[in-house]
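A.B. asks: Just passing along the structure, written as structure tokens.
Values quoted throughout were computed directly from the atomic coordinates according to the rules given, and no laboratory measurement underlies them. In this text the structure is predicted, and so the values were computed from the model without any measurement. Methodologically, a virtual Cβ is constructed for each residue, glycine included, from the backbone with ideal geometry; neighbour enumeration extends over all protein chains shown.
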Amino acid sequence: MVKIISFINQKGGVGKTTSAINTATYLAEMGKFVLLVDLDPQGNATSGLGLDASGLKHTLYSAMSGGSDVRESVVRTQTEGLSVIPATSDLAGANIELIDVEQREFRLYDVLRQIRMDYDYIVIDSPPSLGLLTVNGLVASDALIIPVQAEYYALEGLGQLLETIDLVRDALQPELDIMGAVITMYDRRNRLARQVVKEMREHFPGRVFESVIPRSVRLAEAPSFGQAISLFDSMNKGAKAYKSLAKEIIALEEQ
């Protein structure tokens, strides 16, 4: 059965979009049919895969607003088996337009329900906020992956995020599961980074992925070339880490 996974953290700059892009790409390279949904009005997951959404008539916004069939918004990428529903800045308007809409938290759920059986995995790149778009992503998801930066303020805001997840579980999506947290931007030479990893594993036993994403210039450069790291530099340590993360996700589903 298809698994819908949201990468979520209301803090910006934690490697959320990088994680969504590269995990989705490696899942596809491992033979899975994958759809990446760009739920962030900034559209970084879209541009990070080399797509220019400004020239596209159909995007996630048009699908969520009812202006087009969702299948018209699906765009194939250069990776076999990986497609994307792109986002543009128009999506920011949905936060306002959906306020008075009945069942507004279920708009993305309804959109993805039409196509979910076409894929093995649907990966959602959530915006760095806890607004209506993010709630739509939570409601539409089966599971969550929380990227956590290996720095001093790593746990700041995590409690608020977990409270929001609990509220969504109680009121809207009781089956929502936290698949785990993934440590990003890790520098093993940094004692503080090692301490963050230790604290995460102590506070959330069994809920932190073994794969740790290192700080890497090549990972940061790849989106500017419109490529996932597997295409940009497959031998990079960041590439190997994301490949490992994709394997962990598949292994969890096979248990």
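A.B. asks: Using a simple charge model, +1 on the beta-carbon of Lys and Arg, -1 on the beta-carbon of Asp and Glu, nothing else, what dipole does segment 3-254 show about its Cα centre, in debye to the nearest 20?
C.D. replies: Here the size comes out at about 1040 debye.
A.B. asks: Could you pull out the GluC sites (Glu not before Pro) across segment 10-96 that fall in loop regions by DSSP (anything but H, G, I, E, B) with no more than 10 other Cβ atoms inside 10 Å?
C.D. replies: The qualifying sites are E80.
A.B. asks: Where the centre of each part is set by its Cα atoms, how far does segment 195-221 sit from segment 1-60, in angstrom?
C.D. replies: Segment 195-221 and segment 1-60 have Cα centres spaced 20 Å from each other.
A.B. asks: Right, here's the next one. Which values of log₁₀ I(q)/I(0), to two decimal places, follow from the Debye formula for segment 120-226 at q = 0.15 Å⁻¹ with a uniform point scatterer at every Cα?
C.D. replies: Each listed q maps to, in turn, -0.73.
A.B. asks: Over the chain, what is the relative contact order in whole percent, taking alpha-carbon pairs under 8 Å and six or more residues apart? Spell out each step's value before the answer.
C.D. replies: Details: 493 pairs, mean separation 66.1, N = 255.
Relative contact order of the chain: 26 percent.
A.B. asks: Quote the charge dipole size of segment 76-137 about the Cα centre in Debye, to the nearest 20; the model charges only the Cβ of Lys and Arg (+1) and of Asp and Glu (-1).
C.D. replies: Magnitude of the dipole: close to 80 debye.
A.B. asks: Here's a follow-up. Just to be sure I understand: if I project the alpha-carbon convex hull of segment 3-254 onto a plane and average over all orientations, what area do I get in nm²?
C.D. replies: For segment 3-254, averaging the hull's shadow over all directions gives 12.5 nm².
A.B. asks: What order do you get for 61-70, 48-57 when each peptide is scored by the mean count of other beta carbon atoms within 10 Å, highest first?
C.D. replies: Result, highest mean Cβ count within 10 Å first: 61-70, 48-57.
A.B. asks: Next question, about the same structure. From the phi angles alone, apply the Karplus equation (6.51, -1.76, 1.60; θ = phi - 60°) to segment 48-56 and give each ³J(HN,Hα) in whole Hz, x where the residue is Gly or Pro.
C.D. replies: Per residue, the Karplus-derived 3J(HN,Hα) values read x, 9, x, 9, 9, 6, 4, x, 9 Hz.
A.B. asks: Let me ask something additional. Which one, A220, A228, A28, has the greatest fluctuation when you compute a Gaussian network model over the chain with C-alpha springs under 10 angstrom?
C.D. replies: A220
A.B. asks: If you split all Cα-Cα distances of segment 13-98 into 10 Å bins from zero, what percentages do you get per bin, shortest first?
C.D. replies: 19, 50, 28, 3
A.B. asks: Considering only DSSP states other than H, G, I, E and B, which GluC sites (Glu not before Pro) in segment 107-209 qualify as loop sites with at most 13 other Cβ atoms within 10 Å?
C.D. replies: Here the GluC sites (Glu not before Pro) that fit, given the DSSP loop and packing criteria, are E156, E175.
A.B. asks: Let me ask another. Per DSSP H run of at least 4 residues, take -39500 (n - 2.57); add these up for the chain, divide by its residues and hand me the 222 nm value, nearest 500 deg cm²/dmol.
C.D. replies: -11000 deg cm²/dmol
A.B. asks: Same structure, new question: How large are Rg and Dmax for segment 128-169 when only the alpha carbon atoms are used, in Å?
C.D. replies: Rg then Dmax for segment 128-169, in Å: 10.9, 32.
A.B. asks: Give me the net charge for the shell around E80: Cβ to Cβ below 13 angstrom, other residues only, Lys and Arg +1, Asp and Glu -1.
C.D. replies: Computed value for this residue: +1.
A.B. asks: If you don't mind, another one. Filter the trypsin sites (Lys or Arg not before Pro) in segment 158-255 to those in DSSP coil with at most 14 other Cβ atoms within 10 Å of their Cβ, and list the result.
C.D. replies: Here the sparse-neighbourhood loop sites are R188, R189, R207.
A.B. asks: Now for a separate question. Tell me, how many Å apart are the Cα centres for segment 233-253 and for segment 68-121?
C.D. replies: About 26 Å separates the Cα centre of segment 233-253 from the one of segment 68-121.
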